[in-house]
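The values are calculated or read from the model by the stated rules, or taken from the named source; none is laboratory data. Just so it is clear, the structure is predicted and the values come from calculations on it, not from any experiment. All Cβ positions, glycine included, derive from the backbone under ideal geometry; neighbour counts span all protein chains shown. Side chains included, ligands, DNA and RNA excluded: accessible areas come from the protein's heavy atoms. Shrake-Rupley method; radii C 1.70, N 1.55, O 1.52, S 1.80 Å.
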Amino acid sequence: MPTTVDDLRRFAVAQSLFAPTTLKRALDRLGFVQADPIRAPARAQDLILRHRVKDYRAGDLEQRFCELGIEEDVFINYGFVTRSVQALMHPRSEKSVPAGGGQPWPAGRKKKAQLLLDFVSVRGAVHPREVDNHFSHGSVKNYWGGSSNATTHLLDAMHYRGMLRVVRREGGIRIYTVHQHGPEPADREARRGRMDMLADTAVNIYAPLPGASLALLLRRLRYAAPQWRREVPGAIDRAKERLLHTRIDGIDWYWPPHGNAGRQAPQDTVRLLAPFDPVVWDRARFELLWGWGYRFEAYTPTSKRKLGYYALPLLWQDRIIGWGNLSVKNGQLQSEIGYVKSYPPRERAFRHALEEELDRMRVFLGLDPA
């Protein structure tokens, strides 16, 4: 029988929300986990991992960072990557951060970077405040038109270039140490090989994907490897040749050859997903699979919000039927649940599954039971 949208929806849920495993194995399987600093009720990386790691608790990733063989870096967004994925993206020689236009550094910036690199080499690991106290770089205009600390800005740029790595965090602040990546690929064929592996990593996380979303996703590899951005169009074309493909209602869909888009029975489970969870990350795919438009409204003026500041998409079985806004007050979890149809499913199984998910959230956050 031909593949249907129902099949793709169930496949999208089943292949991403795999059986919970160890933190190391989950990271190795994903290759990349998007990060976000907002804590509502926990950071995005923790909300993503809690569904995929057995007995995961908020903050485990940061606390165990040094033992996991991962790095903070930019892939298709900023987040946590395995070292094998990071090695495919570097060295990013002579490139600025994406917000800086990706242009080579002027001589003055190179000189400042070298002085800072020498300083970090001597100290071993540094807090940005320590660097700022030593150099007093002042402030610069940031991507949004405001003022940013120049030391932080330079540290970010050097981290993106691969001159520094994040060795750990203290109170959420990155602690940097000197780093050096391996050599450039020997030839164009080797560059193409790296781009294809990066493309496969991205597709494995976010498939199945409609054709437009696949192209949009892989174009974001210009952030992962800006030095090879001219290779991106070819990487998109080669990916379409490698991937499995079907056409439904005039839309081309793609997924990895090892994936199974056949009929998969959904589980009677409720999950509250992070706004950046792979299941919901692509908003165009979201509307095609679930028939309504989810929007991330943390930066939307309060008066214009429809779902809430940090609304978590609510998955029931293989359907995203609403959203939840969660907060912690006086040590207790507060929840406000909204539904696309204005009312919840009538099955008793749903009510029980929702309470189980809220209980799991309490354990994840280290809160007292309800």
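Values computed for the structure shown
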{"item": "Ranked by how many other beta carbons lie within 10 Å on average, peptides 198-207, 249-258, 294-303 from highest", "result": "198-207, 249-258, 294-303"}
{"item": "For q = 0.12, 0.20, 0.21 Å⁻¹, Debye-computed log10 I/I(0) when each Cα of the stretch 1-140 counts as one equal scatterer", "result": "-0.70, -1.29, -1.33"}
{"item": "Spin-label pair GLU287/GLU67, simplified geometry with 7 Å Cα→Cβ offset, distance in nm", "result": "4.6 nm"}
{"item": "Cβ-based charge dipole, the chain, positive-most Cα from VAL131, GLY162, ASN77", "result": "VAL131"}
{"item": "Accessible area (Å², per residue) of the chain, counting only protein heavy atoms and a probe of 1.4 Å", "result": "49 Å²"}
{"item": "Set of aspartates and glutamates near LYS111 by C-alpha distance (under 14 Å), chain-local residues within fewer than 8 positions excluded", "result": "GLU94"}
{"item": "Computed [θ] at 222 nm, deg cm²/dmol, the chain (DSSP H ≥ 4; -39,500 (n - 2.57); rounded to nearest 500)", "result": "-11500 deg cm²/dmol"}
{"item": "Per-bin percent of Cα-Cα distances, the stretch 1-74 [5 Å]", "result": "3, 14, 23, 23, 15, 9, 6, 4, 2, 0"}
{"item": "Listed residue (VAL120, ALA284, ASN260) projecting farthest to the positive dipole end of the chain, Cβ model", "result": "VAL120"}
{"item": "Mean Cβ neighbour count within 10 Å, used as a protection proxy, ranking 185-196, 226-237 highest first", "result": "226-237, 185-196"}
{"item": "Alpha-carbon spread of the stretch 323-370, three principal axes, descending order, Å", "result": "31, 18, 13"}
{"item": "3J(HN,Hα) from dihedral phi, the stretch 170-175, Karplus parametrisation 6.51/-1.76/1.60, rounded to Hz, x for glycine, proline", "result": "10, x, x, 8, 5, 10"}
{"item": "Cα-Cα separations in the stretch 184-279 greater than 21 Å, expressed as whole percent", "result": "41 percent"}
{"item": "Peptide ranges 342-350, 355-363 listed from the most packed, as the mean C-beta count within 10 angstrom indicates", "result": "355-363, 342-350"}
{"item": "Dipole in debye (nearest 20) - the chain, about Cα centre, beta carbon charges: Lys, Arg +1; Asp, Glu -1", "result": "640 debye"}
{"item": "Magnitude of the charge dipole, the stretch 18-135, Cβ model with Lys/Arg +1 and Asp/Glu -1, debye to 20", "result": "120 debye"}
{"item": "List LYS24, LYS329, LYS306, ordered by accessible area with a 1.4 Å probe, largest first", "result": "LYS306, LYS329, LYS24"}
{"item": "Distant alpha-carbon pairs in the chain (separation over 25 angstrom), percent", "result": "59 percent"}
{"item": "Positive-end residue of PRO183, ILE205, LEU216, charge dipole of the stretch 169-236 with Cβ unit charges", "result": "LEU216"}
{"item": "Förster radius 41 Å - calculated FRET efficiency between TYR299 and ARG229, Cβ distance, rounded to 0.05", "result": "0.90"}
{"item": "Rough spin-label spacing in nm, given labels placed 7 Å along Cα→Cβ, for HIS127 and ARG346", "result": "6.0 nm"}
{"item": "For the stretch 220-231, Karplus couplings with θ = phi - 60° (6.51, -1.76, 1.60), whole Hz, Gly/Pro x", "result": "6, 5, 5, 7, 5, 9, x, 5, 10, 4, 5, 7"}
{"item": "Debye-sum result for the stretch 259-351 in log10 I(q)/I(0), which assumes one identical scatterer on each alpha carbon, at q = 0.11, 0.13, 0.17, 0.24 Å⁻¹", "result": "-0.35, -0.49, -0.81, -1.42"}
